[in-house]
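Read-outs throughout are calculated quantities, based only on the coordinates presented, and are distinct from any laboratory measurement. Nothing here was measured: the structure is a model prediction, and the numbers come from that model. All Cβ positions, even for glycine, are placed from backbone atoms using ideal geometry, and neighbour counts span all protein chains on display.
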Amino acid sequence: MRRAVTGRTTVLLAGARQTWRRSLQVRVVTITLVASSLLVGGFAYLVADKITNILLDNATADVRDRLVNGRVYAMNQTSVHNQPYEPKLQDTLGNTVDYLAGGDPKQIGGVVVALTADRYEAIAPRTSAPKADVLSMISPALRRTVDAGNMASQIRTGDLGSGRTIYLVYGSPVPTKFGQVELYYFVPLTRQDDTAAQARSTVLATGVALVLLLGLLAALVTRLVVTPVRVAARTAQRLSAGLLDQRMAVNGEDDLALLAASFNQMASNLQRQIVRLEEMSRLQRRFTSDVSHELRTPLTTVRMAADLIFAERDEFDPAVARSAELLQAELDRFESLLTDLLEISRFDAGFAMLDAEPTDLVPVVDRVVDRLSGLADRVGVRLRTDLPDGPVIAEVDPRRVERILRNLVGNAVEHGERRPVDVVLRADSSAVAITVRDRGIGLKPGEEKLVFNRFWRADPSRARQTGGTGLGLSISLEDARLHGGWLEAWGAPGQGAQFRLTLPARAGDRLTSSPLRLVPADASLPSVGDGAALAIGPGSTAGALAIGPGTARGDATPAEVTG
């Protein structure tokens with residue numbers, strides 16, 4: 001039972017915190033209610049206390065005046081007696097008490113009057129309420145003060161015949177020829193107490209009504225402000241979703257209307273710019289595609305002529321033969337460039353399709369390494385592979401995966417600086433990963449953000465060993481995205497670079513981790529967990545970049561960079 005109550009309380013608290021964070025109107029109204037409640041509560045307390053004090057002061061002044069008059073009357077009545085044991089003294093005291101109490105010896109309500117003289121045993125106390133224990137209402141401290149010849153008062157609660165009531169007890173000494181007696185007035189404060197309670201209730205009701213009115217006013221005011229803001233937020237969300245024709249309603253000429261008009265103007269300007277940029281992008285893609293297709297025909301003609309010249313180069317003099325070889329090499333590169341441009345145009349137009357099928361990636365890696373082993377031998381780079389003993393099956397497009405690996409291994413060979421290049425393949429239940437590690441010049445801080453850009457080169461003055469087109473990594477990035485995978489880069493000056501391709505084992509699954517680390521184990525980086533390298537930005541000694549959504553195991557969340 002307790003656990004269920006605790007669970008419900010936790011849910012309610014969580015809901016209240018969420019409402020508090022998300023609703024500006026709730027925060028403003030709550031703060032207004034709390035502040036106004038404290039202010040009105042303090043004001044009500046001061047007003048009620050002031051009214052109570054005024055009523056008590058008035059009652060005290062009235063009793064004091066009556067007591068002074070009663071004292072004079074009692075002095076006059078007892079002035080005819082010279083000794084405390086005279087027989088008629090008791091009758092005089094009784095008549096005096098009845099007169100001062102209102103003339104009714106049976107009075108049990110209203111003001112109660114008492115005459116007593118404790119120092120004289122012959123004088124019995126006389127009160128206007130003989131059936132009530134009046135003398136017990138007089139405290140010893142008050143008796144001592146009055147006996148000492150001083151007027152004094154106190155507030156006491158007791159029953160003098162009309163139920164428990166709050167009384168203002170006022171005492172005064174009454175000098176006589178034979179000594180001193182004490183005169184006490186017991187004035188009920190029922191009327192004053194009822195008036196004070198009524199005043200407190202009125203002030204409290206007024207305060208509650210004022211607080212509620214302030215809360216309602218705050219809710220209305222904040223609603224006038226928050227509603228346009230919420231409309232602007234919803235409109236902005238629709239604009240960000242691509243609904244560029246969404247606008248806010250402009251009502252009136254106040255500041256909120258100016259905000260709506262400015263927002264609409266901004267949205268119109270953004271729409272024009274976006275439409276203009278989309279048109280320019282469309283024309284650019286169309287131009288690239290058209291040029292690539294149109295160049296196919298003359299390239300085919302030039303290729304036929306170049307093949308004929310290249311086949312007969314042995315019959316030419318050395319200078320012409322060398323020119324034929326250069327022409328053939330550049331035509332090969334030109335043809336590769338056209339092929340890559342056509343592929344890029346398909347990605348840009350959104351026409352690229354994934355032909356996924358269960359594929360063993362081990363033969364794919366072996367095939368790529370075998371095809372590039374000749375180039376690696378020519379430049380003095382040794383290719384090393386670390387592959388699982390059994391098959392690694394994943395639902396991928398083998399043509400695109402092979403193209404990615406061919407670009408990665410080719411770049412590693414080109415920048416390997418005659419040092420070994422390692423290709424590692426690993427898999428787990430949800431993903432497969434391939435890393436290509438070189439130990440060449442590496443990447444400077446910030447270059448890992450540029451490596452996937454089209455036609456970007458780390459060193460523009462560096463001659464290409466592989467005759468690449470400058471579009472290989474951009475195409476590889478698009479191929480990885482098409483699989484729903486990641487293509488990530490790490491590099492450090494003097495330590496080489498490592499690229500990691502991570503693909504889901506089943507087509508359509510979302511990646512959450514990678515079987516391989518992005519930062520190599522032999523990299524000399526500060527050890528702040530496995531993701532330390534990913535946290536390094538420009539100005540540091542090394543950097544790493546992750547391309548694609550998700551969080552790789554041992555790395556930070558990949559941040560996507562467009563080519």
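Put simply, the amide H of Ala431, placed in the peptide plane, has neighbours under 5 Å in Ala505, leaving out anything fewer than 5 places away on its chain. When Met266, Met75 are arranged by Cβ crowding within 10 Å, least crowded first, meaning fewest neighbours, the order is Met266, Met75.
Per-residue Cβ neighbour counts within 10 Å put Trp20, Trp456 in the sequence Trp20, Trp456, beginning with the fewest. Couplings 3J(HN,Hα) of the range 497-506, computed from phi: 9, 9, 10, 10, 9, 10, 10, x, 5, 10 Hz, in residue order, whole Hz [Karplus 6.51 cos²θ - 1.76 cosθ + 1.60, θ = phi - 60°; x for Gly and Pro].
Counting other Cβ atoms within 10 Å as a rough exposure proxy, the listed residues Leu210, Leu405 run Leu210, Leu405 from fewest neighbours to most.
For Ala152, nonlocal amide neighbours, meaning residues 5 or more places apart or on other chains whose placed amide H falls under 5 Å from its own, are Gly171.
Ranking request for peptides 155-166, 474-485: highest mean number of other beta-carbon atoms within 10 Å first, then the rest in descending order.
474-485, 155-166
Here the Karplus curve 6.51 cos²θ - 1.76 cosθ + 1.60, taken at θ = phi - 60°, turns the phi angles of the range 214-222 into couplings of 5, x, 5, 5, 5, 4, 5, 5, 5 Hz, with x standing for Gly and Pro.
Let me make sure I get this right: for the range 1-207, a, b and c are the square roots of the gyration tensor eigenvalues over alpha carbons, sorted descending. Under 1.5 in a/c it's rounded, otherwise prolate if a/b > b/c, else oblate. Which is it? In terms of gyration-tensor shape, prolate. Bridging of Lys131 to aspartates and glutamates at a Cα separation below 16 Å is possible for Asp98, Asp104, Asp159, once same-chain residues fewer than 8 apart are set aside. For the peptides 321-327, 141-147, the ranking by mean Cβ contacts within 10 Å, running from highest to lowest, is 141-147, 321-327. Tell me whether the range 191-247 comes out rounded, prolate or oblate; compute the Cα gyration tensor, take square roots of the eigenvalues as a ≥ b ≥ c, and use a/c under 1.5 as the rounded threshold. Verdict is prolate for the range 191-247.
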